Amino acid sequence: MSEMRAALFDRYGPPEVLYVGSVPIPTIKPDQVLVRVHAVSVNGGELAGRAGKLRLITGRTFPQGTGVDFAGEVAAVGASVTGVRVGDRVWGIQRLKVASMAEYVAISPRKISPAPRSLTPAEAISLLAGGTTSLTALRDHAAIKPGERLLVRGASGGVGSVAVQIGKLLGAHVVALAGARNLDFVRGLGADEVLDYRTTPLSQLSSFDVILDAAGTQQSRLRRLLAPGGRMVAITTDLNRPLASLTTILTSAVHGRGRIRIFSGNPDTQLLTELTQYAENGDVVPVIDTVHTLDDIAAAHRALEAGGVRGKHVIQVV
């Protein structure tokens, strides 16, 4: 077998441009492994990429694939790779030049780790992107301390729902903003306070030591909520006003209270292994909204765009 099924699109546009086609199975280099993909999650950046909002990065060559994370099983190992065997259950993320919404993906062993043994691939993948992003944002960039007040904006989504759990794990007092229908869901993840973002103006909130923004809008107003010495980490920009959003982030380093930190996570084996341990200990729990088949990729994109998500939309590839 030399071909595999993959989610593709031949032009930028709405979810309907997505289809499942055939492409060659990747040929691995000596320093790579081939993973048979079992499950992938749908992330906000992929919606923007498919819609053409990132075309300065993604270019105009088609067809293009989609997907950045995966959970699966090692199918082949390059000649120079050690410590990885065929049949190993693994998970990983590669944000650049890898379209993981496919039956196979070729990747460096430095970008994978053993997947949580206690979880199914669909359960595991619901934690992966949100978990690595939250650890990087809260622990590594914000250096959050026990007892500090943390605001999670977008707390019911794929990143926010795990950030609430990671924040509690790191000892923070977690205040979460979410939609009305998701308040009980977010409270169940461990948030100390849960507020409806539609009926709670930002101006009515008290100050916070750390803010994690998973929405990307109103960042100037959000930044004013930082206490002295406070830190704000944004995991996205306002893709409808990208220049204004980036200007706000860049000028925050020299003007006003609190610099906004932003990063593009590209986790390595060590971070992935740490998240595996948290998952196996039960410190973080799966956050699946809906499991779709690969053939339903367009429906999964539509559902995420519609908002109100609880955790992750997951694609079951195998």
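What follows is calculated from the coordinates using simple rules that are stated; it is not laboratory data. Fair warning: this is a prediction, and the values are worked out from it, not measured in the lab. Glycine gets a Cβ as well: all are built from the backbone with ideal geometry, and neighbour counts include every protein chain shown.
A few remarks follow.
- Label point distance in nm, residue 306-residue 139, each placed 7 Å from Cα along Cα→Cβ: 3.5 nm
- Likely footprinting exposure, 111, 145, fewest C-beta neighbours within 10 Å first: 145, 111
- Entry note, the chain: the mean residue ellipticity at 222 nm calculated from DSSP H runs of n ≥ 4, each adding -39500 (n - 2.57), is -7000 deg cm²/dmol after division by the residues and rounding to the nearest 500.
- Relative contact order, percent, the chain [alpha-carbon distance under 8 Å, six or more residues apart]: 20 percent
- Computed about its Cα centre, the charge dipole of the chain is approximately 980 debye, with only Lys, Arg, Asp and Glu carrying charge at their Cβ.
- Extent along the principal axes, Cα only, for segment 102-184: 41, 31, 21 Å, with the longest axis given first.
- Over the Cα atoms of segment 21-136, the radius of gyration divided by the Kirkwood radius equals 0.97; this is the Rg/Rh ratio.
- Efficiency of FRET from Cβ geometry, residue 206 and residue 266, R₀ 35 Å, rounded to 0.05: 0.50
- Lysines whose Cα lies under 27 Å from that of residue 168, excluding same-chain neighbours fewer than 8 positions away: 111, 145, 312
- Note on segment 103-159: dipole from Cβ charges, positive end direction compared against 107, 137, 157; the farthest Cα belongs to 137.
- Alpha-carbon centroid distance for the pair segment 1-63 / segment 277-318, whole angstrom: 17 Å
- Computed E for residue 54/residue 198 - FRET, C-beta separation, R0 22 angstrom, nearest 0.05: 0.20
- As a size descriptor, the averaged projected area of the C-alpha convex hull of the chain was calculated at 15.7 nm².
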